[in-house]
1. From the P(r) of the stretch 96-222, can you give the percent of Cα pairs sitting at distances over 23 Å?
2. When the chain is fully extended, how far beyond the present Cα-Cα distance does Ala56 get from Lys199, taking 0.36 nm per residue of separation?
3. Number of Lys-Lys pairs in the stretch 45-185 under 15 Å by Cα, sequence gap 8 or more or different chains?
4. Expressed as a rounded percentage, what relative contact order does the stretch 120-266 have, with Cα pairs under 8 Å and six or more residues apart?
5. Reachable aspartates and glutamates from Lys254, Cα under 20 Å, same-chain residues fewer than 8 places away excluded?
6. Which is the longest part of the chain that has none of the GluC sites (Glu not before Pro) sitting in a DSSP loop with at most 13 other Cβ atoms within 10 Å?
7. In square nanometres, what is one fourth of the surface area of the convex hull spanned by the alpha carbons of the chain?
8. With the crude spin-label approximation of a point 7 Å out along Cα→Cβ, what separation in nm comes out for Lys150 versus Lys110?
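Read the figures in this text as sums done on the coordinates, not as results from a lab. Keep in mind that what you see is a predicted model, and the values were worked out from it rather than measured. Ideal geometry is used to build each Cβ from the backbone, glycine not excepted, and the neighbour counts take in all protein chains shown.
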Amino acid sequence: MKIFVAGGAGYIGSACSEYLLNHGHQVTIFDSLITGHKEAVDHRATFIKGDLADRAFLMDVMKQGKYEAVMHFAAFSLVGESMKDPGKYFRNNLCSAINLADAAVESGVKSFVFSSTAATFGEPEEIPIRETTKQLPINPYGESKLCFEKVLKWYSQIYGIKYAALRYFNAAGATENFGEDHNPETHLIPIILQVAQGKREKIMIYGDDYETPDGTCIRDYIHILDLAQAHMKALNAPRSGHYNLGTGNGLSVKEIVEAARKVTGHPIPVEIGPRRAGDPARLIAGSELARKELGWKPEFENASTIIESVWKWLQKHPNGYSK
Ligand code: UDP
């Protein structure tokens, strides 16, 4: 299939592009490189530097390319930042995404796969979080993603474009060639491994007074290759849908630190700090629909395997993509 990948130079977009190329698809990566990296563009893909906010340019590119499918990874994704600058999130994650949906419709794209998030659920009313659980986001990041899920629902009904909204839980892991490189880095696993690399003295655990067995927050860490597998399955799904992508296993911050100690052999000192605003105690995916309708099944259910993949990537890229 000829696929237009918006945000294909980012963390998850680069790994998915590689996966699609490995499975014989033709990939064009469109990325502003604001948070993405040129070095994360697979050399087999066509690369176009551009911003989804530039509607006329985007329309032109998509009409010329005659793509069969769109995958949309291009978004801002920091909860804390979204609480300080909501407009930045709604402009990019909603307005620019609408440009992409319009361009997809006008250029005759048949299938649209959207990177949504567990943050659309807010403080979930049930655990595990099912695909049908009520979505009540508690920050502009989650709200911007939920708004675009709704845009897609209407575009599908009105224009007939098929879509999948894939709600990632905690994306983690690396492939041989592509990994996580954010600046600043805020995510747990990369920060823990920076301690093991000697770049930080310790990891600050954001609160150990949650109502969980060891008091630290529980998350569902899902390998980016499992996300990639879901994207490819979503391309071929017979109808539109919303799917939760997680393993169904929750791991606490302390359990992740312990697993990283085993993988790296480093003691990884920790300090307990205050809670981080906006962190729900537990986020665990129920992915029944993804499993049933997409035939998706995660293969990396073990935290150690996920951490090992990142550790291996860091041996080759100790400073991420920067030289
Ligand atoms: N976390 C932490 N220390 C850090 C970074 C994260 O204790 O330096 C915790 C955070 O509070 C959350 C979990 O690790 O409970 C995962 O956080 P991350 O930012 O990786 O992903 P999120 O769950 O926010 O999407």
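1. 49 percent
2. Once the chain is fully extended between Ala56 and Lys199, it gains 47.1 nm.
3. Lysine pairs satisfying the spacing and distance rule in the stretch 45-185 number 10.
4. The normalised contact order for the stretch 120-266 reaches 26 percent.
5. Partners within reach: Glu185, Glu201, Asp208, Asp209, Glu211, Asp214, Asp220, Glu271, Asp279, Glu301, Glu308.
6. With GluC sites (Glu not before Pro) excluded where exposed in loops, the chain gives 1-124 as its longest stretch.
7. With the hull built on Cα positions only, its mean projection is 15.1 nm².
8. So the two model labels end up 3.1 nm from each other.
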